[in-house]
1. For all pairs of alpha-carbon atoms in region 178-226, what percent lies in each bin of width 10 Å, listed from the first bin to the last filled one?
2. Distance between Cα centroids, region 149-181 to region 82-114: provide it in whole Å.
3. Could you give the semi-axes, largest first, of the ellipsoid that matches region 250-372, computed as the square roots of 5 times the alpha carbon gyration tensor eigenvalues and rounded to whole Å?
4. What ratio of Cα Rg to 2.2 N^0.38 Å holds for region 420-495?
5. From the Cα trace of region 134-280, what convex hull volume per residue do you get, rounded to a whole Å³?
6. Can you give the log10 of the normalised intensity I(q)/I(0) at q = 0.18 Å⁻¹, computed with Debye over equal Cα scatterers of region 78-192?
7. With a cut-off of 19 Å, note down the residues of region 85-109 whose backbone N falls inside the zone around a label point 7 Å from the Cα of residue 191 toward its beta carbon.
8. What's the Kirkwood radius of region 307-432 in Å, using all Cα pairs?
């Protein structure tokens, strides 16, 4: 569910996840070249044979060493262009969509992307094995197209269906089902270039929700272009999103912490507004109704799903103040998030990745304060223990052990009013953890609706060097898992509030300091017991579209 790709192979949406499989039939290529004709239409070919024949038909090996593509695109209700350049494994893609500009690429194996607000993010490798294939099959189908259909199920729970034309063996459609949704990409207008490579010049599709269609047409394909030195060099941030006062190294935010929730007062158009500081949000967002009242023009329109489905757009906020900090021309997403919390707080937005990436953050839950410094300036705090985080999808993911099961993709989520939430991807892989506590199904408020969850038998949690005994644990029962299909679960504010939390996205690190007693040294767990939960909880979840680029959206 990433929005757009770094290379032609990646651009083919779900087909990108099959890149390794395109080589799976390479051993049969020799046999195919050695005189074997096309397979008879009534003979069931093998999966390896289909992928091998596709490679022969497309002439993939004739791809030039360097190439520049220019695409005319329309998606999310906006029109624009996508320019992609590649040389071997290096690539860079620049997208203009309405007034928004973003980019992504790879330089000598280091993947990166730059979001709408101009922040460059280094993508760390995902150690999870959720792309491992667990089942494969091939059948002949007549709908939605006449094709050989290869279906592949992955350990992460999603299914990819690839449709091969029975005459040309070119791929004409790819479907991907995950997190309760099915997307599709179709390919037509196949053309053969001067090198003998055949490819689609038109790619289009959507998913099973309205207003999610996209259309990409290749307008110009330049083979072997001359490239300037430094073409693939990873760019720095396009700008400094957060402006600090002159001479200030640290700023205390106008924030308050209540029941583990962090409310920050922003000033927009002269109005004081409460935003939730949410590390689980992959961008900054604002309530759509409020954006209209503020007179902010909405750009584009698409449907998104977290706890429920809703329409989302983008807005540009001319000026935002957070105490002495200033931001200008800030791109935010519109979401239905106006929530009354307590008697004096109405949350009307999420202070997510874009802000957090521009600062080094210190959350003192016990003292009720939030401080920020310039990014990359945060040194390891005295007496704190490290927490390794990964930020490729613009949320902090870390390694967690629940009982005896380990997951690499747990979200460090300041916005979730829970201790430990397990997503169904993780409980399906480790069913011994999914023993219900017997309280029945409950619900929590989320973006666009409510999400069902159930209490599980309390679990032992190891977070970095810290061990929690008998931690209250719930399983998210929503098919959308709070908008996540590629995470194992989350560690929420009911755990984080036990510490002073430090996050410095510039260094891909976080630290935990226990305010009431020193933590034991790294590698020697400190033991804690969590108080009982006795009330329904609030969740914000993560919009899939809030990411800089949706994964395999096309």
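1. Using 10 Å bins, I get a P(r) of 21, 38, 24, 14, 1 for region 178-226.
2. Each part reduced to its Cα centre gives a spacing of 26 Å.
3. So the three semi-axes of region 250-372 are 23, 16, 14 Å.
4. Against the empirical 2.2 N^0.38 Å value, I get 1.06 for region 420-495.
5. 281 Å³
6. -1.17
7. Taking a point 7 Å out along Cα→Cβ of residue 191, the residues of region 85-109 whose backbone N falls under 19 Å are 85-86.
8. Final number for the Kirkwood radius of region 307-432 is 17.9 Å.
Read-outs throughout are calculated quantities, based only on the coordinates presented, and are distinct from any laboratory measurement. Remember, it's a predicted structure, so these values are computed and weren't measured experimentally. Neighbour counts are summed over all protein chains in view; Cβ atoms, including those assigned to glycine, are modelled from backbone coordinates with ideal geometry.
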